[in-house]
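Just dropping this structure here.
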Amino acid sequence: MKGSGKVIPWLATAWQYNADYTTLTFTLRKGVKFHDGTDFNATAAKFSLDLVLNSTLVDLKTVSSIDAVDDSTLRLNLKTYDSALLISLASYLCPMVSPTAVQSMGKDAAMLHPVGTGPFKFVSYTRDVSIKYEKFTGYWQPGKPYLDALEIDLIADPVTQLASFKAGEAQIMRAIATSDAAALQSTGKYALAAQEMSIDCLATDSAHISSPFCDIRVRQAIAYAIDNAAVAKAIGMGFFTPCNQLISPMNYAYNPNVVGYPYNVTKAKQLLSDAGYPKGLDTKLSYRAGAFEGDYCTMLQGYLKAVGINVQIDLADAARFNDFRVKGFQSQMVHYTMPAGAEKDMSYYFRDRLSDKGSMFNTTIYFPSDYLDSLSKVNIERDDAKRIALLQAVDKMAVDTYLLVIPIQVETAVSATSNVVHDSDVYKYYAMCYHPENVWLSK
């Protein structure tokens, strides 16, 4: 549910924890079919979730086993309560797939020929060209979808992408550079929709005693040296906003009591000197290519140079950047993002991206024991109001007390639709959630 962090019924119509929170039982929607005609029921749901449970993914790590009680009842047996479990189950991380298709094709082939329950069924995928779908006449919502087919054109070059869209070769452009979005908006010919995507931050190797970033004063100096408001305005073209913490202002758990590090060059220089670097220091900032990241890193480079921190900018390919996140790095900075959005349960992302048990940076960033203890309390708190208060305290601790990573701006994704498109759900809920069954086109 937008803006609340709550999930809504879909393939599951209801769910209930038992009294001691050791089981979570779902009532499944009846009459749903997979695209290949297989029934969606508890057996199929168990099959799909077992694929996640038995993988290296951590999203169901608090689940010990799964039982298909009857056709429409699924029970998850829990090792412990996890406040983020429902969010994981409602996301793309735990998809429902046809057991028949996976067993007949094999897991690898099924990944490239998905068979789900959605309004459109997969037709073909041509790498770097397109993904094609056709209307699924057996969709569980009567009368939907309205369109006969859906085609996603995969155009890597943003200039070519924009030209194709403006020429009418596509009706929706999902992601636009902010400079292009501003130009489209000025014409009045297109409807634009924006969605918070992430909080752009800088991560450092604070866990390594030999690194200058092990000293919090160096991290604080970096934070004070950067004018977040100016960066957001210049890079976001009016679509990005400055941010002083790891929960965005739109989120229900935003903490107005986080102080952060307001732009202060004098204070930045003094902190560097106090940390033993009166003449500054040399370092590197690695990033992965994107719509704005190059200009963004260049702008940060300028701010840091003004306080004596000389930054070498390093454009890393996808594989090397992933190594930074998973294997770690030393004596440098890396462009880091924390997911953002009004509806996101940020306790999940703090655990996954900013803890010693997370999926990335867990060996590179120093996590104090009191911070980890506080975070663990968030994820087992069952009362929503208390959990939000605990999460806000963790957010403040992560920034004001320890500055685990340095928050700078809220990055917003912008989409555009032509005036023939109606009821488009692009970015209505969140970036990875799209309901094309509601879309219709006028002539």
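Coordinate-derived values only; no laboratory data. Predicted, not measured: the structure shown is a model, and the values here were computed from it. Positions of Cβ are generated from backbone atoms using ideal geometry, with glycine treated the same way; all protein chains shown enter the neighbour counts.
If I build a Gaussian network model for the chain, linking alpha-carbon pairs within less than 10 angstrom, which residue out of ALA109, ALA268, ALA19 has the largest mean-square fluctuation?
ALA19
List the pairs from LYS61/LYS284; LYS267/LYS396; LYS33/LYS107; LYS46/LYS107; LYS33/LYS132 whose alpha-carbon separation is above 25 Å, in the order I gave them.
Correct reply: LYS61/LYS284.
Sticking to Cα atoms, compute the Rg of the range 12-103 to one decimal and its Dmax as the biggest Cα-Cα distance, whole number, in Å.
For the range 12-103, the Cα radius of gyration and maximum Cα-Cα distance read 12.7, 39 Å.
Can you compute the label reach from SER210? Point 7 Å from Cα along the Cβ direction, backbone N cut-off under 18 Å, restricted to the range 322-359.
327-333
Tell me the trypsin sites (Lys or Arg not before Pro) within the range 106-148 that lie in a loop according to DSSP and have at most 10 other beta-carbon atoms within 10 Å.
Here the trypsin sites (Lys or Arg not before Pro) that fit, given the DSSP loop and packing criteria, are ARG127.
Could you work out how much longer the chain between ALA182 and MET105 gets when fully extended? Use 0.36 nm per residue separation minus the Cα distance between them, nm to one decimal.
Difference between extended and current length: 23.2 nm.
Can you give the FRET efficiency to the nearest 0.05 for LYS132 and LYS79, using r as the Cβ-Cβ distance and R₀ = 35 Å?
0.25
Another question, then. Just the Kirkwood number for the chain, please: inverse of mean 1/r across all distinct Cα pairs, in Å, one decimal.
23.8
With +1 assigned to the C-beta of every Lys and Arg and -1 to the C-beta of every Asp and Glu, and no other charges, what is the dipole magnitude of the chain about the Cα centre in debye, to the nearest 20?
Rounded to the nearest 20 debye, it is 300 debye.
Please compute the contact order of the chain in relative form: average sequence separation of alpha-carbon pairs under 8 Å and at least six residues apart, divided by the residue count, as a percent.
20
Related question: Give me the one-decimal nm value for the distance between modelled label points at ASP370 and VAL259, 7 Å along each residue's Cα-to-Cβ direction.
So the two model labels end up 1.5 nm from each other.
Still on this model: With a ≥ b ≥ c the root eigenvalues of the C-alpha gyration tensor of the range 295-388, is it rounded (a/c under 1.5), prolate (a/b larger than b/c) or oblate?
Prolate is the answer for the range 295-388, as a/c is 1.5 or above and a/b outweighs b/c.
Any idea how far the Cα center of the range 1-64 sits from the one of the range 154-172, in Å?
37
Taking every DSSP beta bridge that has both residues in the chain, what percent is antiparallel when rounded to the nearest 5?
85
May I pose another question? When a footprinting reagent is the concern and you count Cβ atoms within 10 Å, what order do GLU151, GLU169, GLU437, GLU196 take, fewest first?
So the ranking, lowest neighbour count to highest, is GLU169, GLU151, GLU437, GLU196.
Now for a separate question. Quick one: among VAL394, VAL129, VAL102, which has the greatest mean-square fluctuation in a GNM of the chain with alpha-carbon springs under 10 angstrom?
VAL129
Another one. Check TRP440: other-chain or 5+ apart residues with amide H under 5 Å from its amide H, H built from backbone geometry?
HIS422
What FRET efficiency do you get for LYS30 and ASP157 if R0 is 56 Å and r is their Cβ-Cβ distance, rounded to the nearest 0.05?
It comes to 0.75.
How big is the range 198-411 by Rg and Dmax over its Cα atoms, in Å?
16.3, 50
Separate question: For the range 142-251, which chymotrypsin sites (Phe, Trp or Tyr not before Pro) are in a loop by DSSP, counting at most 15 other Cβ atoms within 10 Å?
Passing both the DSSP loop test and the Cβ count: TYR146.
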